[in-house]
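Presented below is the structure to which this report refers.
The values are calculated or read from the model by the stated rules, or taken from the named source; none is laboratory data. Computed from a predicted model, the values in this text were never measured in an experiment. As a convention, Cβ positions derive from the backbone with ideal geometry for all residues, glycine included, and neighbour counts pool all protein chains shown. Remember, those area values only see protein heavy atoms, side chains included, never the ligands or the DNA or RNA. Shrake-Rupley method; radii C 1.70, N 1.55, O 1.52, S 1.80 Å.
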Amino acid sequence: MLTDNPSIEKLRWIMSQLRDPNTGCPWDLKQTFASIIPHTIEEAYEVADAIEQEDFTELEKELGDLLFQVVFYSQLGAEEKRFDFDSVLSAICEKLIRRHPHVFASSDFTSDAEIKANWENEKSKERQQKNNDESLSMLADIPRNLPALSQAAKIQKRCAHVGFDWHNIDDVFAKVEEEVLEVKAELHRDDSALAEELGDLMFAVVNLCRHAKQDPEAILRQANQKFTKRFQGVEAQVNNSEKSFQQHTLDELEAFWQQVKIAEKY
């Protein structure tokens, strides 16, 4: 048994005990790579939420939960003789050193653009080597389970790396305006065509976010939080009125909304 001092070795020991075939935890023993995926995604979002809330006490705990996911996958890999925690560490150390030649080697990049270009070039080489240097689409390994906004931004970034991109943000905005008109044309016609045009519009807006150097996933979460806070203010006013939402007209509810917005300035 390990000491009570916290360490990665202690965490690995705890994981091995949880997976012990004879004395381990039944829940942990029945888990597989696939079954843990939802938990990993949830933990990553909880880390992001703690950061956005600037709750660093909670962040400390959530980072531990996320680290445990890595240890769990490594334990499964070791049991199946595929990889283990040490090989995971070795892989990330090698990758970080290779992708940062301006830090660990003699390369001299003078701008963020050059650093990002080198990073994308290294990732492209890795994709080709992983597939035995066969011709491979640069979009082939973009995770399908990414949130759609993040996936769209990643697709666009990959394409921009090889020059398939608008040259300035005004052209991108013009494309958004074009897509808005196409959505408007389908509003009262064919549902499937409308869905397609709405998708094109959302993709174009993500592109606008990227050119504005904004993370679309992050700024939509911020918009969600802002709306939630304002709507809760509307709820408070409805409750104070001693009438239900349904007993108020839309104009009255909009007036409450505007009052909440004004109150935010003071």
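Numbers for the structure displayed
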{"item": "Residue count for region 47-68, restricted to those that are open to solvent by 60 Å² or more (accessible area, probe 1.4 Å) and in a helix (DSSP H, G or I)", "result": "11"}
{"item": "Those residues of region 194-222 which are in a helix (DSSP H, G or I), modelled with pLDDT under 95 and exposed (fewer than 15 other Cβ atoms within 10 Å of the Cβ), in sequence order", "result": "ALA218, ILE219, GLN222"}
{"item": "Selection within region 163-193 - touching a His at 6+ places or on another chain (Cβ under 9 Å) and either open to solvent by less than 50 Å² (accessible area, probe 1.4 Å) or closer than 21 Å to ALA117 by Cβ (or both)", "result": "ASP165, TRP166, ASN168, ILE169, VAL172"}
{"item": "Long-range neighbours under 8 Å by Cβ, at least six apart or interchain, first residue under 13 Å from ALA255 (Cα atoms) and in a helix (DSSP H, G or I) within region 228-242, second at pLDDT 95 or above and open to solvent by 100 Å² or more (accessible area, probe 1.4 Å)", "result": "none"}
{"item": "Complete set of residues in region 159-184 that are over 17 Å from LYS213 (Cβ atoms) and either charged (D, E, K, R) or modelled with pLDDT of 95 or more (or both)", "result": "ALA174, LYS175, GLU177, GLU178, GLU179, VAL180, LEU181, GLU182, VAL183, LYS184"}
{"item": "Flag if ALA160 is loosely packed, with under 14 Cβ neighbours inside 10 Å and either of a type in the set (S, T, N, Q) or out of contact with any Ser or Thr (no Cβ under 9 Å at 6 or more places or on another chain) (or both)", "result": "no"}
{"item": "The lone exception for GLN232 - which of (1) surrounded by 12 or more Cβ atoms within 10 Å (Cβ to Cβ); (2) at pLDDT 95 or above it fails", "result": "(1)"}
{"item": "Answer residue from region 104-136, given it is part of a loop (DSSP other than H, G, I, E, B) and open to solvent by 70 Å² or more (accessible area, probe 1.4 Å) and is modelled with the lowest pLDDT among those", "result": "ASP133"}
{"item": "Residue match in region 78-94 (condition: closer than 25 Å to GLU42 by Cα, open to solvent by 80 Å² or more (accessible area, probe 1.4 Å) and touching a residue at least 60 places away in the same chain (Cβ under 8 Å))", "result": "no"}
